[in-house]
Amino acid sequence: MKESEVRQHVTTPLVNPAFAPVVPRFTDREYLNIVYRTDPDALRAVVPEPLRFDEPLVRFEVMKMGDVSGYGPYTESGQAIPVVLDGEHGEYLHAMYLDNFPATASGREVSAYPKTIGAPNLYVDNGALVGTLDYGSLRVATATMGYKHNRLDAADATAQITVPTFMLKTIPNYDGSPRVMELVRTEITDVVVKEAWTGPARLQLFEHVLAPLADLPVLEVVSASHIITDLTLAPVKPVHDYLTGAQR
């Protein structure tokens, strides 16, 4: 294979890429979002500067992807933290767990999503929308929400899921030192909200050393939403370089 041909590939193996070279379009992405209040000291220990937070809040999410170009259906779960950077309000993606390797590899390599393999699930059970996350054979999160109790305004639903998203991009050198260490920004675009609901909710987090969601404990459930939408993810852009200390 010639050098010019090698340069056309964005991932390995060259003859069997880990993910398709596409910009994925998400159709019928179904969200269960639960915003909760947590320990501010626990947040300070994990939110990287120059990001800061106004209130000690966390959004736990389970997302069931009805169809994704290049990846197919899969389910994802994780935690996002409301933050502020230079006066702009957004969310810092703290951890993401999903059951699809191509989507995991693409999210980490092409962008900076903090993705790892897990076993999330989203389903309706006896009048409740249920979101769960297992790591290996153990349960690490269980969320429940009253199923379609109260309609949520589509504009409010759009505002919830289109806030800017910040992530940490790290690539090591071969000696283990950082080669790339940047704070990056992205956002959701081309949103079509199909359904949006709110209602009562509960969230339980369970201790696990390799899936430490419970390190951000649930002190109070603040709000919950159930949203079904089509959307596209915008490319990431660097906003801060940790190796030089420069804003981008």
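The values are calculated or read from the model by the stated rules, or taken from the named source; none is laboratory data. This one's a predicted model, so the numbers in the text were calculated from it and none came from an experiment. For neighbour counting, all protein chains shown are included, and Cβ atoms are generated from backbone atoms with ideal geometry for every residue, glycine included. Protein only, heavy atoms only, side chains kept; ligands, DNA and RNA dropped before computing areas. Shrake-Rupley method; radii C 1.70, N 1.55, O 1.52, S 1.80 Å.
Brief remarks on what is shown
- Residue selected from the stretch 163-185 under the condition closer than 18 Å to Gly107 by Cα and not aliphatic (A, V, I, L, M), by the criterion surrounded by the most Cβ atoms within 10 Å (Cβ to Cβ): Phe166
- Residues that are open to solvent by less than 60 Å² (accessible area, probe 1.4 Å) and either part of a strand (DSSP E or B) or within 15 Å of Ile228 (Cβ to Cβ) (or both), drawn from the stretch 110-121: Lys115, Thr116, Ala119, Pro120
- Unique residue being of a type outside the set (Asp, Glu) and either in a loop (DSSP other than H, G, I, E, B) or surrounded by fewer than 20 Cβ atoms within 10 Å (Cβ to Cβ) (or both) when the list is Tyr71, Tyr36: Tyr71
- The single residue among Asp28, Asp41, Asp54 that is in a strand (DSSP E or B), charged (D, E, K, R) and open to solvent by 50 Å² or more (accessible area, probe 1.4 Å) turns out to be Asp28.
- Filter result for Gly90 (open to solvent by less than 50 Å² (accessible area, probe 1.4 Å), over 26 Å from Thr132 (Cβ atoms), touching a Ser or Thr at 6+ places or on another chain (Cβ under 8 Å) and part of a strand (DSSP E or B)): yes
For every residue, the table says whether it meets (1) closer than 29 Å to Val192 by Cα; (2) at pLDDT 95 or above; (3) of a type in the set (Gly, Ala, Ser).
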{"residue": "Phe19", "(1), (2), (3)": "yes, no, no"}
{"residue": "Arg29", "(1), (2), (3)": "yes, yes, no"}
{"residue": "Thr38", "(1), (2), (3)": "no, yes, no"}
{"residue": "Glu49", "(1), (2), (3)": "no, yes, no"}
{"residue": "Arg52", "(1), (2), (3)": "no, yes, no"}
{"residue": "Val58", "(1), (2), (3)": "yes, yes, no"}
{"residue": "Glu61", "(1), (2), (3)": "yes, yes, no"}
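- Some residue of the stretch 210-222 being of a type outside the set (Gly, Ala, Ser) and farther than 20 Å from Val58 by Cβ: no
- Test: Ser4 is open to solvent by 50 Å² or more (accessible area, probe 1.4 Å) and not hydrophobic (A, V, I, L, M, F, W, C): yes
- Within the set Thr232, Thr198, the sole residue that is of a type in the set (Val, Ile, Thr) and in contact with a His (Cβ under 8 Å, 6 or more places away or on another chain) turns out to be Thr198.
- Residue satisfying condition, being modelled with pLDDT of 95 or more, surrounded by 18 or more Cβ atoms within 10 Å (Cβ to Cβ) and either hydroxyl-bearing (Ser, Thr, Tyr) or more than 14 Å from the chain's Cα centre (by Cα) (or both), within set Thr142, Thr132, Thr158: Thr132
- Of everything listed in (1) in a loop (DSSP other than H, G, I, E, B); (2) polar (S, T, N, Q); (3) in contact with a strand residue (DSSP E or B) (Cβ under 8 Å, 6 or more places away or on another chain), the single unmet condition for Ser77 is (1).
- Test: Val15 is in a loop (DSSP other than H, G, I, E, B), open to solvent by 20 Å² or more (accessible area, probe 1.4 Å) and of a type in the set (A, V, I, L, M): yes
- Only one of the numbered conditions (1) assigned to a strand (DSSP E or B); (2) within 18 Å of Pro24 (Cα to Cα) is violated by Val124, and that is (2).
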